[in-house]
Amino acid sequence: MSENTKLRELKAKANRLPLTPGVYIMKDKNDNIIYIGKAKSLKNRVTQYFGAGSGHTEKVRKMVSLVNDFEYVLCDSEFEALILENSLIKQNQPKYNILLKDDKGYHYIKITGDKWRKITTSMQLDDKSAEYIGPYYSSAVVKDTVAEVRKIFKLPDCNRSFDKYSKPCLNFHIGLCEAPCRANISAEQYNETIDSAISFIKNSGDDIVKILEQNMLCAAEKLDFEYAAKLRDRINAIKKLNDSQKVVMCTYKNQDVFASAVLGDVACIAVLVFRNNKLTDKKHFIIDTFTDKNDLYSQFLTQYYDGGEIPPRILIDSEIESKELLEQWLCEKAGKKAEILLPQRGEQKDLVSMCRNNAADNLAQKTELLGREMSALNELARLLGLPAAPRVIESYDISNTAGDENVAGMVVFRDGKPYKPHYRMFKIKSFAGQDDYRSMAEVLDRRFTEYENQENEGFSTLPDLILLDGGKGQISAVEQILKKHNINVPLFGMVKDSKHRTRAIATNGGDISIKANESAYRLVTTIQDEVHRFAIGYHKKRRSKKMLSSELLAIEGIGEAKAKALLKHFKTMKAIREASVDELSAVAGINRSLAEKIYSEFNN
């Protein structure tokens, strides 16, 4: 069954769906679940997948091409569909859904439950007698917090028993530990310090400072000046730490901030976690599986908060669908009010901007983009009106000499850099002579046919942008091919000036000047020069082989087939000239008599 026939069947089935809320489940030919989504109207949402494909990203087109059937579950409300979608995604882990890492990636601050409690780090909730604070995604945050707490409250980091005297270690002598191993402090007094440390972790520094100041005054009134001095040192250490953290303080006590950056079909969502008015954790998630930007935050937030702490305020950087449903789900999960906000001004907007910068930076690191390439791709997307920076760009050029040895070259740029494993060469087959428009149409037709067959890795996915070496004529010729194969990829030409240098980007409606933007201009020029170099290099290679083979054709008994066989076997004319009679006769189709004739031609 052809792909178009299957799409028509799936669309017909989708058209029979009810206009009610529900969850749809996409399956491949092996009955594996590859995508799960929710919808306010099942019919309207699912039919979009099997339409003409306009507006779909490459990720969606790829997913749809793998769909062999789909199932659905009707729900009483869109809210019920949201809950069911989240549950089914966790159970089935579909390939094209957003999937966050599980609890094995979490980190906790652990307070042991023995007589002399200790504060440590942990990745497992494996001790029922212990108390855990978390979870945190960042191991560095957990380690830094435990280190700071030990430093401020002079807590031990060893595994010694404190019920009997032992010689103190170096930490005591350099003032980093009170050394309860010296048996100079009671378990009650020691655990009072642990309680203060836990309070410091859970609550703001100002709250614990007030308690410590009261305790310090009480100790001074009881003439316990040594203990009062210890409390004073703790207070000063906490105040010093709080002063250093003011740069990441915020007005609201508890809130999470989310922002995203998107490059092609890869996204990064960054999260800033504020507790007790200060930044306590930051993390990021690289998502290369999302198929629908409208579902990006919806699926992400339901998974992110499914087992974690939900603050009363959640800041985001863009409008999202189903905002009210998500707020309802969050409130029911938290058992208290939780709201999703898109700040427009002031401190809160600045926090979202800071979060977005973190997302962009982490995405750049993930995709190994230098700032220059990222800037060029973003500027090119802005100039051409693309929804996102084109991560994969394909470019084509035709090369011939008055119609002779008509060939084409295809180069691929990934993340602003040449990706040579996917370069391809084409020999024009459908006609003889010179016609750049027909040549370009043939090449793209063969390229998209390979994409439909899915047998060649270099052609198995579509680019985010196609750049042709040429103007309106080449664009018009290739547009017909795009329509023929139902391909929706942005298409532009690259126009040169009289000095053969890049001048502008061509569209069907005219030219877009890019010289004013240095980074985009440099990128397009590099692409145009590279595809021209690659195409003309292939053309010269074929002309050279043709000239060499003509030397062989001058020998009686050598036709085109035998000349090709000799060149294929020996690679170069030099090797043929230097070959012995035995070596020549080893080539298929060359008998000994002909081998002697070839040898004689080149050696007499």
*What is the residue count in region 162-199 for residues that are more than 19 Å from residue 233 (Cα to Cα), among the small types (Gly, Ala, Ser) and surrounded by fewer than 12 Cβ atoms within 10 Å (Cβ to Cβ)?*
1
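Within region 427-435, identify whether any single residue is assigned by TED's automatic domain parsing to the domain that holds residue 488, part of a strand (DSSP E or B) and in contact (Cβ under 8 Å) with a residue 24 or more places away in the chain, and answer yes or no. Before you say what the answer is, go through the steps one by one.
Our first condition is that a residue be assigned by TED's automatic domain parsing to the domain that holds residue 488; within region 427-435, this holds for 427-435.
Then keep just the ones that are part of a strand (DSSP E or B); that gives 427.
Add one more test, that the residue is in contact (Cβ under 8 Å) with a residue 24 or more places away in the chain, and what stays is 427.
Yes, region 427-435 contains a residue that is assigned by TED's automatic domain parsing to the domain that holds residue 488, part of a strand (DSSP E or B) and in contact (Cβ under 8 Å) with a residue 24 or more places away in the chain.
Counting just the residues of region 505-534 that are within 23 Å of residue 443 (Cα to Cα), among the aliphatic types (A, V, I, L, M) and modelled with pLDDT under 90, which one comes out farthest from the chain's Cα centre (by Cα)?
Taking region 505-534 and keeping what is within 23 Å of residue 443 (Cα to Cα), we get 505-508, 524-534.
The next check asks that each one be among the aliphatic types (A, V, I, L, M); those that pass are 505-506, 524, 527, 531.
Subsequent filtering for residues that are modelled with pLDDT under 90 retains 505-506.
On the way: 505: 28, 506: 30 Å.
Looking at residues that are within 23 Å of residue 443 (Cα to Cα), among the aliphatic types (A, V, I, L, M) and modelled with pLDDT under 90, I get 506.
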*Subset of region 1-44 (residues that are crowded, with 17+ Cβ neighbours inside 10 Å and aliphatic (A, V, I, L, M))*: 7, 10, 14, 17, 23, 25, 26, 33, 34, 36, 39, 42
*For residue 465, work out the one condition from (1) surrounded by fewer than 17 Cβ atoms within 10 Å (Cβ to Cβ); (2) within 30 Å of residue 51 (Cα to Cα) it doesn't fulfil.*
(1)
*Filter result for the condition that a residue is in contact with a Gly (Cβ under 6 Å, 6 or more places away or on another chain) and not assigned by TED's automatic domain parsing to the domain that holds residue 272, over 161, 122, 129*: 129
*What is the number of the single condition among (1) modelled with pLDDT under 85; (2) more than 18 Å from the chain's Cα centre (by Cα) that residue 325 does not meet?*
(1)
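Could you pull out the residue among 439, 430, 395 that is farther than 30 Å from residue 375 by Cα and at pLDDT 90 or above? Spell out the reasoning first.
Values: 430 fails: at pLDDT 90 or above; 395 fails: farther than 30 Å from residue 375 by Cα.
Residue meeting the stated conditions: 439.
From the residues in region 549-579 that are β-branched (Val, Ile, Thr) and surrounded by 14 or more Cβ atoms within 10 Å (Cβ to Cβ), which one is nearest to the chain's Cα centre (by Cα)? Before the answer, list the steps.
Initial filter on region 549-579 (β-branched (Val, Ile, Thr)): 555, 558, 572, 576.
Going one step further and asking which of them are surrounded by 14 or more Cβ atoms within 10 Å (Cβ to Cβ), we end up with 555, 558, 576.
Working: 555: 59, 558: 56, 576: 51 Å.
Looking at residues that are β-branched (Val, Ile, Thr) and surrounded by 14 or more Cβ atoms within 10 Å (Cβ to Cβ), I get 576.
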*asked:* As an exercise: evaluate residue 248 against (1) farther than 27 Å from residue 339 by Cα; (2) of a type in the set (A, V, I, L, M); (3) in contact with a strand residue (DSSP E or B) (Cβ under 8 Å, 6 or more places away or on another chain); (4) modelled with pLDDT under 75 and give the number of the one condition it does not meet.
replied: (1)
*Using the structure shown, decide if residue 510 is over 30 Å from residue 412 (Cβ atoms) and out of contact with any Ser or Thr (no Cβ under 6 Å at 6 or more places or on another chain).*
no
_Unmet requirement for residue 495, which otherwise passes all of (1) modelled with pLDDT under 85; (2) buried (at least 17 other Cβ atoms within 10 Å of the Cβ)_ = (1)
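The values are calculated or read from the model by the stated rules, or taken from the named source; none is laboratory data. It should be emphasised that the depicted structure is a prediction, and the values quoted were computed from it without experimental measurement. Note that each Cβ is placed from the backbone with ideal geometry, even for glycine, and that neighbours are counted across all protein chains shown.
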